[in-house]
Amino acid sequence: MSVTGDAGADDARRPSLSAAKRVVVKIGSALVVDPDRAAPRTGWLASVADDVAALRAAGTEVVLVSSGAIALARHSLGLTRPALRLQEKQAAAAVGQIRLAQAWSAVLSERGLTAAQLLLTPDDTEDRRRYLNARATLDTLLGLGCVPVINENDTIATAEIRFGDNDRLAARVAQMINADQLILLSDIDGLYTADPRVDPNARHLPTIDAITPEIDAMGGAPPPGYSSGGMRTKLLAARIATNSGCAMAIALGKRQHPLAALRDGARCTWFLPGADSRSARKRWIAGGLTPSGQLTIDNGAVRALNEGGSLLPVGVKAVQGEFNRGDLVRVLSQDGSEIGRGLCSYSAEDARRIAGKRSDEFESILGWQGRDELIHRDDLILG
C-alpha cells in the first residue's frame with residue numbers, strides 16, 4: 001500500500017508547514033459558501049486570513065486556490081437546480097467571481113495583505129508560453145508580498161477544456177511555481193481505507209509514500225451538492241503534486257484557523273514526494289522536446305550555470321535558429337560543446353537584441369522590461 005506510520009505515530013519524515021517556503025492552499029466551495037444564505041462564510045474566511053498572515057510573517061509565501069464563484073451567484077440568479085447547463089455555470093461564475101474576490105480582498109486587507117486575482121484554464125498550465133507568463137506573474141506577485149487568489153476561469157472554459165475541480169488546478173499551480181507544499185482543505189481530515197461515514201472500520205492513513213493502485217482504489221465518487229471534488233480528484237492532485245516534488249496534505253478545513261491547526265500537528269494525510277520527483281520536469285525538458293535553436297555563451301556564463309545559476313543575456317555571445325518564447329533551445333560553450341538545454345524566456349528575435357546586455361538595458365532596447373533571465377534555472381538542464 002506504500003503507507004507509513006499509524007494514527008498515533010510520530011513520523012519524522014512528515015512535512016512541517018512551518019518549514020515551507022512556498023505553499024498553495026486549495027479551498028472548496030463547501031467551505032467558502034454558506035448554502036443557507038448563499039453568502040461567504042466571512043468569519044471562517046477571516047480565520048484563514050489570520051493563518052495566512054501568520055505564515056507570511058514567518059516568511060512563507062502563500063497562494064490560495066479558491067472555489068465558490070458559481071455557488072455565490074446561483075441563488076441570486078435563480079439557478080438552484082442541482083445540475084446546471086454549461087452556459088448557466090459560466091453566467092453564474094461571471095457574477096460570483098466578483099463576490100468571491102471581494103470577500104477574500106476584504107479579509108486579507110484587514111490584516112495588511114494585498115489580494116491579487118488570477119483566473120486560469122488548463123491551457124495556461126500546459127502551453128509553454130502561457131505557462132511561463134502565468135509563472136512569471138505569480139512569482140512577481142509573491143515577490144511584492146501579495147496573496148494570489150486563483151480560480152478556474154469558468155466564464156470562458158468549455159466542458160472539454162475545464163479542470164472540472166480546483167484540486168487538480170491547485171496541483172498544477174503548485175507544480176508551476178515549485179511550491180514546497182500543497183494543502184487541500186476538505187470536509188475530512190485525510191484519506192481513509194474506506195469512507196468513514198459508512199464504514200466504522202475505516203482506518204485513517206497518516207502518511208502515503210506512493211500512490212499505488214490500492215491507494216487509487218480508495219477514491220470514491222464526488223459528494224452531492226455544489227462541490228465538484230471528492231477523494232478521487234484529491235488523489236489525482238496528489239499524483240501531480242508529488243511527481244513534481246511537492247508534498248501534499250488533505251486536512252480538515254471546517255474548523256476555525258485550519259492552517260494553524262495543521263501547523264500545530266492536527267491529524268491529516270500527507271502524501272510524500274518521490275525521491276527523484278524533482279527531476280521529472282528536467283527529464284521532460286531533456287528528452288521530450290526538439291530544440292528550436294541554440295545559444296552560445298561565454299566562460300563566465302558556463303561557470304554560473306555550473307554553480308546553479310540562471311542564464312542571463314549578458315553572458316550570451318550568439319543566438320541561432322528561429323524560436324518563440326517558451327521553446328526549447330540548446331546551450332553551447334564557445335568551443336561548440338553542449339552545456340545543456342532549457343526553455344527560453346524570449347523569442348529568437350528578442351534574444352538577439354539583448355544578447356550581451358545587462359537587464360537594466362532591456363527596456364530601452366525592447367521597449368518593455370522583460371525577465372532578467374534568458375533561461376531560468378528551473379527551466380534548464382545541464383549535461
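Could you pull out every one of the helices (runs of 4 or more DSSP H) wholly within the range 28-109 that has 1 or more residues that are over 24 Å from the mean Cα position of the chain (by Cα) and surrounded by fewer than 17 Cβ atoms within 10 Å (Cβ to Cβ)? First the steps, then the outcome.
Details: elements: 29-32, 42-57, 69-74, 86-109.
So the answer is 42-57, 86-109.
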Handout entry: Positions within the range 128-144 being farther than 11 Å from residue 325 by Cβ and charged (D, E, K, R), in sequence order
Key = 135, 139
Practice task
Please determine, by comparing only the residues of the range 284-302 that are modelled with pLDDT under 95 and in a helix (DSSP H, G or I), which one is most open to solvent (accessible area, probe 1.4 Å).
Solution key: 284
Exercise for the section: Could you tell me which residue of the range 128-153 is farthest from residue 94 (Cα to Cα), considering only residues that are charged (D, E, K, R) and open to solvent by less than 60 Å² (accessible area, probe 1.4 Å)? Expected result: 139
Exercise for the section: Report yes if residue 342 is surrounded by 13 or more Cβ atoms within 10 Å (Cβ to Cβ) and assigned to a loop (DSSP other than H, G, I, E, B), otherwise no. Expected result: no
Exercise for the section: Output yes when any residue across the range 313-324 is assigned to a loop (DSSP other than H, G, I, E, B) and not acidic (Asp, Glu), and no when none is. Expected result: yes
Exercise for the section: Report, by residue number, each residue of the range 363-375 that is open to solvent by less than 50 Å² (accessible area, probe 1.4 Å) and touching a residue at least 24 places away in the same chain (Cβ under 8 Å). Expected result: 370, 371, 373, 374, 375
Practice task
Would you mention how many residues in the range 240-261 are modelled with pLDDT of 95 or more, in a helix (DSSP H, G or I) and crowded, with 23+ Cβ neighbours inside 10 Å?
Solution key: 2
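Of everything in the range 223-237 that's in a loop (DSSP other than H, G, I, E, B) and over 15 Å from residue 196 (Cα atoms), which residue is modelled with the highest pLDDT? Steps first, please.
Kept after step one, since they are in a loop (DSSP other than H, G, I, E, B), are these residues of the range 223-237: 223-230.
Imposing the further condition that a residue be over 15 Å from residue 196 (Cα atoms) reduces the set to 224-229.
Numbers: 224: 46, 225: 41, 226: 40, 227: 43, 228: 50, 229: 55.
Filtering first and then ranking leaves 229.
Of 360, 350, 378, 335, which residue is out of contact with any His (no Cβ under 6 Å at 6 or more places or on another chain), open to solvent by 70 Å² or more (accessible area, probe 1.4 Å) and either assigned to a loop (DSSP other than H, G, I, E, B) or within 25 Å of residue 177 (Cβ to Cβ) (or both)? Can you show your working first?
Values: 360 fails: either assigned to a loop (DSSP other than H, G, I, E, B) or within 25 Å of residue 177 (Cβ to Cβ) (or both); 350 fails: open to solvent by 70 Å² or more (accessible area, probe 1.4 Å); 378 fails: open to solvent by 70 Å² or more (accessible area, probe 1.4 Å).
The conditions single out 335.
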Handout entry: First in the range 299-325 and closer than 12 Å to residue 344 by Cα and β-branched (Val, Ile, Thr), second anywhere and at pLDDT 95 or above and part of a loop (DSSP other than H, G, I, E, B), Cβ under 6 Å, 6 or more apart
Key = 319/355
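I need the full set of residues from the range 262-283 which are part of a helix (DSSP H, G or I), over 26 Å from residue 35 (Cα atoms) and either modelled with pLDDT of 90 or more or among the aliphatic types (A, V, I, L, M) (or both), in order please.
The first filter runs over the range 262-283 and keeps only residues part of a helix (DSSP H, G or I), leaving 262-263, 277-283.
Adding the requirement that they be over 26 Å from residue 35 (Cα atoms) leaves 263, 277-283.
Correct list: 263, 280.
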Handout entry: Count - residues of the range 54-94 that are modelled with pLDDT of 95 or more, under 22 Å from residue 165 (Cβ atoms) and charged (D, E, K, R)
Key = 0
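Do you know which residues across the range 303-327 are within 30 Å of the chain's Cα centre (by Cα), of a type outside the set (Asp, Glu) and open to solvent by 70 Å² or more (accessible area, probe 1.4 Å)? Quick ask: steps written out before the conclusion?
Here is the first cut: in the range 303-327, the residues within 30 Å of the chain's Cα centre (by Cα) are 304-313, 323-327.
Then keep just the ones that are of a type outside the set (Asp, Glu); that gives 304-306, 308-313, 323-326.
Within the range 303-327, 306, 312, 324 meet the criteria.
The values are calculated or read from the model by the stated rules, or taken from the named source; none is laboratory data. What you see is a predicted model, and the numbers here were worked out from it, not measured in a lab. We place every Cβ from the backbone using ideal geometry, glycine too, and count neighbours over all the protein chains shown. Keep in mind that these areas ignore ligands, DNA and RNA; they rest on the heavy atoms of the full protein, side chains included. Shrake-Rupley method; radii C 1.70, N 1.55, O 1.52, S 1.80 Å.
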